[in-house]
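One structure below.
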Amino acid sequence: MINGRVLHFVFKIGERKLTAKFYREILGMKVLRHEEFADGCEAACNGPYANRWSKTMIGYGPEDSHFVIELTYNYGVDLYEIGNDFQGITIRSKEIIDRAKKHNWPINEQDGKYILEAPGGYKYFIINEPQPVNQDPIEKIALSSSNLKHSIIFWKEILEMTLVEEKQNMAILEYGSNQAKLEIIDIGIEVQHAKAYGRIAFGVPKAEQEVIRKKIIDSKNKILTDLITLDTPGKASVTVIILADPDDHEICFVDEEGFQQLSIPDYASEAILDKYINRDDKKKEQNK
């Protein structure tokens, strides 16, 4: 059995300053670590860009106990075309609604949930109830499917997630009842990822990565990046394998042993991120 733990979802962002404002001042998240890279990632962590980029991990608590967001910023890329692949992230927090109103951030309401859009068009569904104190307020992440039956077979039978709920056009799966859940929504048409496509990441014991690799090969599914070790300057290295589901959603399985060291919170990163944002502002002023 795969002992998985959902870790984070990766968004490519084009406007770093406004994005940071949204996640910190509206969603109320905290920067957990910030890392700068001079060159592109061997596992295409920043997409198909062989250039300077940064990674900001942001969330409601440490990565060993919370589902967090990875904000990937490619220097020189201001905007990404968004597809229909990402449906949204659900958070239980009336405090977010209060902050959005205070800062005049646009809010829409649908089926009893409040909808906020992050810069770039990524949706967040907010449940109007007090934010829980002793658990992660992020409840689920929803991705699109062109064929729910095929998606369930892949996520349940091959990746061994537990099917929690299934309806005519949606399914909810998990690796653990205390983790954020994965919701798959059948949209009835082809899933288009466009330029803004993201990536969902899970942690597993290193020994299980080879098991996953064999299951993907035996089932004739896709491995986008085979087992590879990635280095982060000044921090721990991790081994990853990148897969694709039937709708080409990218899935990263990271070794927990390395990730536990890599993901130690570095709260000084809050100031480091601001330093680089200020540099961006100065360069923009100089280029006017």
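The values are calculated or read from the model by the stated rules, or taken from the named source; none is laboratory data. Bear in mind the structure is a predicted one, so any value in this text is a computation, not a measurement. A quick note on method: Cβ atoms are made from the backbone with ideal geometry, for glycine too, and the neighbour counts reach across all protein chains shown.
Say whether the condition of being small (G, A, S), under 29 Å from K206 (Cβ atoms) and surrounded by fewer than 17 Cβ atoms within 10 Å (Cβ to Cβ) is met by at least one residue in the range 15-32.
No, the range 15-32 contains no residue that is small (G, A, S), under 29 Å from K206 (Cβ atoms) and surrounded by fewer than 17 Cβ atoms within 10 Å (Cβ to Cβ).
Given (1) small (G, A, S); (2) at negative phi; (3) out of contact with any Phe, Trp or Tyr (no Cβ under 7 Å at 6 or more places or on another chain), identify the lone condition not met by A118.
A118 satisfies every listed condition except (3).
Within the set of pairs 6+ apart or on separate chains, which have a first residue in the range 265-286 that is in contact (Cβ under 8 Å) with a residue 60 or more places away in the chain, a second that is of a type in the set (V, I, T) and surrounded by 14 or more Cβ atoms within 10 Å (Cβ to Cβ), and C-beta atoms under 6 Å apart?
S269/V31; E270/V31; L273/V31; L273/T56
Test each condition in (1) within 26 Å of V77 (Cβ to Cβ); (2) among the basic types (K, R); (3) modelled with pLDDT of 95 or more for R213 and report the one that comes out false.
(1)
For the range 153-171, enumerate the residues that are part of a loop (DSSP other than H, G, I, E, B) and among the acidic types (D, E).
The answer is E160, and nothing else.
Go through (1) free of Cβ contacts under 8 Å to residues at least 60 places away in the same chain; (2) under 15 Å from the mean Cα position of the chain (by Cα); (3) in a strand (DSSP E or B) one by one and return the number of the condition H8 breaks.
(1)
Can you name every residue in the range 73-112 that is in contact with a helix residue (DSSP H, G or I) (Cβ under 7 Å, 6 or more places away or on another chain) and of a type in the set (V, I, T)?
Of everything in the range 73-112, those that are in contact with a helix residue (DSSP H, G or I) (Cβ under 7 Å, 6 or more places away or on another chain) and of a type in the set (V, I, T) turn out to be I96, I107.
Just checking, which of H34, H8 is in contact with a strand residue (DSSP E or B) (Cβ under 8 Å, 6 or more places away or on another chain), within 30 Å of E157 (Cβ to Cβ) and at pLDDT 95 or above?
Testing whether each residue is in contact with a strand residue (DSSP E or B) (Cβ under 8 Å, 6 or more places away or on another chain), within 30 Å of E157 (Cβ to Cβ) and at pLDDT 95 or above leaves just H8.
Hey, could you check the range 262-288 for residues that are among the β-branched types (V, I, T) and in a helix (DSSP H, G or I) and say which is farthest from M57 (Cα to Cα)?
I277
Which number in (1) of a type outside the set (K, R); (2) within 28 Å of S65 (Cα to Cα); (3) touching a Ser or Thr at 6+ places or on another chain (Cβ under 6 Å); (4) in contact (Cβ under 8 Å) with a residue 60 or more places away in the chain marks the one condition that D231 misses?
Going through (1) of a type outside the set (K, R); (2) within 28 Å of S65 (Cα to Cα); (3) touching a Ser or Thr at 6+ places or on another chain (Cβ under 6 Å); (4) in contact (Cβ under 8 Å) with a residue 60 or more places away in the chain one by one, D231 breaks only (4).
Looking only at residues in the range 1-13 that are crowded, with 17+ Cβ neighbours inside 10 Å and not β-branched (V, I, T), which one is farthest from E208 (Cα to Cα)?
Here the answer is K12.
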